[in-house]
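As structure tokens, the structure follows; a few thoughts come after it.
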Amino acid sequence: MVPVSVDVAERLAHARDLWPRGTIALATGGAMAPSPAAVAWPRTEDEIAACVSWAQSEGVAIVPYGAGSGVCGAAAGRAGSLALDLKRMNRIGPIEGDTVRVQPGVLGQHLEDALERVGRATRHSPSSIWCSTVGGWAASRSAGQFSSKYGKFEDMVLGLRVVAPAARFGTGAWAEGEDLGPWVMGSEGALGIISDLLVRTVPVPAARRLGAWRFGSVEAAWDAMRGLLQADLHPAVLRLYDPVDTRIAGKGTATKASAGAGWLDEIRRAAESVPALRSHLLSLPLALPRLLNALAQGVSSGCVLIAGWEGEADVVEVLSRYGGALLSSGEPLGEELGEHWYAHRHEVSYKSAPIFERGGFADTMEVATTWSRLPALYEGVRAALGRHVLVMAHFSHVYREGCSIYFSFAGVGRLEVYDATWRDALAAASAAGGTVAHHHGVGQLKMEAAARELAGIAPRFHALKARLDPKGVLNPGRLFPPVEVPEPAPPALGIDPISQVATLAAHEPAATRDAWLAGEGWELRFPAVGPLASTVSAPKQPWETRILGASALLDGRRAVFLPVPRSAAGPDPRASLPPDSYETLTVPIVRRGEAVACVDVTLVECLAADLRPTRVLPGAVEFRGPAAVELAAMATRTKVRVPAPPAPPAVADPTEGRAS
Ligand SMILES: Cc1cc2nc3c(=O)[nH]c(=O)nc-3n(C[C@H](O)[C@H](O)[C@H](O)COP(=O)(O)OP(=O)(O)OC[C@H]3O[C@@H](n4cnc5c(N)ncnc54)[C@H](O)[C@@H]3O)c2cc1C
């Protein structure tokens, strides 16, 4: 029997996730989120299937519930529904080679602890790692603090087991036939319940080096960050705090005592001395967001960038040496700030409760785009938010082709302020050509904005849902509500040299495509022997972005995917559409004539030494950028220290050659 409860406390506990709108409603005595009729805790895939089949036969909505740490209302209950809490599915293992099999209800930190005991890690490290589950990560396409090196969680998932009313199936390495993985990840429980995962692991990094630099402006720092990524120097951490975030959150100083110091603390201290003011403490100053934002801008002291490398010690030494040189337009601030961030990296997210207690609200918005559109996205969203709330931002989750922006904001804790803030900010993100979600998913908060962003694939999503979930019981009515969107024009063909991407005709023969690119001084980062459309679904490494954007004709209508390195605005099937349907593809390119070092080692040999080549060619790998020659030399040495599988007894010392 599946454990089930109709206890009111359990139902209330599963009525909502950590969407700040729900917290404001609670704090202001507004309407509670509707609570589910019952909560079930399945322990096996068969028990999930039993719950799903019961819900289907009774026509009851079923809402999967991981740890409820989502911040967009995705796991919030609905009246009369069955909440399926997956935390009793908490088995880890086997851990074999570079994979781990893990059940969906495992809390993130428990997985990392178990892996660390055998010298492995996922290095997926969201701030919510203590209060979010592996299944929730996959269902909402989460990103961790080291994503610039290891990718987002969706990049680490090698296989899923999924239970839907009409089918149980595997994806990726566990797929039998059609691979629905790209549709299930990011589908927030609407296409199936994830019951098992196969996840890639890496060795626990042997070394880490973190540093901090101060730049005079975000623009100067963006150039340095982009230079680092496009030189393939693979930082694990790259976080730029805008001037307000640098000032308010104390990134400008290395001491913990000063974190958060400044004029906000002064206001807080003064008002807290008057008990009657305490509950209105923040609603008073936050009622003047434009003034607050102007004041915050006025005390700017530049912006702080934290950069860090981790992995094999020799690789870290080379990458951080060349990386430091590329950041030399900033003022070096030493290692202490970076180490301070590392030690406290999960803390800041748990500090918003006092803001709600004091009559305010705090929230975050994560958007992303290509480098060339980043300034417009930053200015557009910041201005939209700044009309309603005090706003600051940092830039993290960085890619060769673009970057995400993480806005943090605080406003008066009233629902009408909250709703106006998000309405304007989402519209501004869309207008600037950014994705409305980089890693927090969609939920109720962004469902209309995401539906507009991915209008072209909504019919396919609904067709798949009808096939897997014919009675529509799985987390119904959330992803892709009906929206009216005019059919978009096809994206213009051409090169974006800042983001180092090209938008090309998907079916153009390789010879004419490559000749045109060469004439412009570029070549494909991922060489393709045929038309691009035939290569889109080639396997990729977690840090690689093979397809940024696409346009395709689906069911007689054009679907356009924004050029963006990663998104969490629902599923990401942009690389798995029928090859014939593609019109254009936006793909990464590299400059011809850059410093290149090519060595005849395999990708497996490179990865065993923690090296990430720029390009993988037939029988060889290629490194580019200033460190190319040294990295290639390290890759060559790898050949003697990586035993061929199965390991022959003769290769006794796997560290041979490492010290040279
Ligand atoms: C303090 C704080 C910090 C955060 N920091 C980060 C961060 O750094 N990076 C980041 O990416 N996010 C972050 N988040 C957001 C949140 O942690 C992520 O969205 C996370 O992926 C949600 O996991 P969960 O297990 O809590 O899922 P839930 O909130 O329980 O559910 C999320 C969605 O997934 C569905 N779902 C859950 N489990 C399954 C399953 N097994 N099968 C199918 N569907 C399922 C739910 O129905 C819901 O639609 C943060 C949140 C908080 C509160």
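Each value in this text was obtained by applying a stated rule to the coordinates, not by laboratory testing. Keep in mind that what you see is a predicted model, and the values were worked out from it rather than measured. Every residue, glycine as well, gets a Cβ built from its backbone with ideal geometry; the counts of neighbours run over all protein chains shown.
Going by C-beta contacts inside 10 Å, put Tyr150, Tyr241, Tyr322 in order with the fewest on the left. It would help to have the intermediate numbers written out before the result.
Values: Tyr150 25, Tyr241 28, Tyr322 20.
Fewest-to-most ranking of Tyr150, Tyr241, Tyr322: Tyr322, Tyr150, Tyr241.
So what are the ³J(HN,Hα) numbers for segment 597-606, from phi and the Karplus equation (6.51, -1.76, 1.60; θ = phi - 60°), rounded to whole Hz, Gly and Pro as x?
Those phi angles translate into 10, 10, 10, 8, 10, 8, 4, 4, 5, 4 Hz.
Ser142's amide H: which non-local residues (gap 5+, or another chain) put their own amide H closer than 5 Å, with H modeled 1.01 Å from N in plane and none for Pro or chain starts?
Phe153, Glu154
Once every DSSP H run of n ≥ 4 in the chain is given -39500 (n - 2.57) and the sum is divided by its residues, what mean residue ellipticity at 222 nm do you get, rounded to the nearest 500 deg cm²/dmol?
Helix-only estimate at 222 nm: -9000 deg cm²/dmol.
Would you pull out the residues with amide H under 5 Å of Arg16's amide H, same chain only if 5 or more places away, H placed 1.01 Å from N?
Counting only residues 5 or more places away or on other chains, the set is Gly77.
Neighbouring Cβ atoms within 10 Å as the yardstick, rank Ser128, Ser352, Ser404 fewest first.
Ser352, Ser128, Ser404
Enumerate the amide H contacts of Gly413 below 5 Å, restricted to partners 5 or more residues apart or on another chain; note that Pro and chain-start residues carry no placed amide H.
Result for Gly413 returns Gly360, Phe361.
Can you give the FRET efficiency for His344 and Ala166, using 1/(1 + (r/R0)^6), R0 = 45 Å, r = Cβ-Cβ distance, to the nearest 0.05? Write out the running numbers ahead of the final one.
Working: r = 47 Å, r/R0 = 1.04.
For His344 and Ala166, the calculated efficiency is 0.45.
Ranked from highest to lowest mean number of other Cβ atoms within 10 Å per residue, what is the order of the peptides 169-181, 447-459, 115-127?
447-459, 115-127, 169-181
Tell me, what ³J(HN,Hα) does each residue in segment 512-525 have, in order and in whole Hz, if you take phi through Karplus 6.51 cos²θ - 1.76 cosθ + 1.60 with θ = phi - 60° and put x for Gly and Pro?
Computed from phi, the couplings for segment 512-525 are 6, 4, 5, 5, 5, 4, 4, x, 8, x, 10, 8, 5, 5 Hz.
Give me Val596, Val102 sorted ascending by neighbouring Cβ count inside 10 Å, so fewest comes first.
Lowest count first: Val596, Val102.
What shape does the chain have by the C-alpha gyration tensor, where a ≥ b ≥ c are the square roots of the eigenvalues, rounded means a/c under 1.5, and otherwise prolate means a/b greater than b/c and oblate the rest?
Judged from the Cα gyration tensor, the chain comes out rounded (a/c under 1.5).
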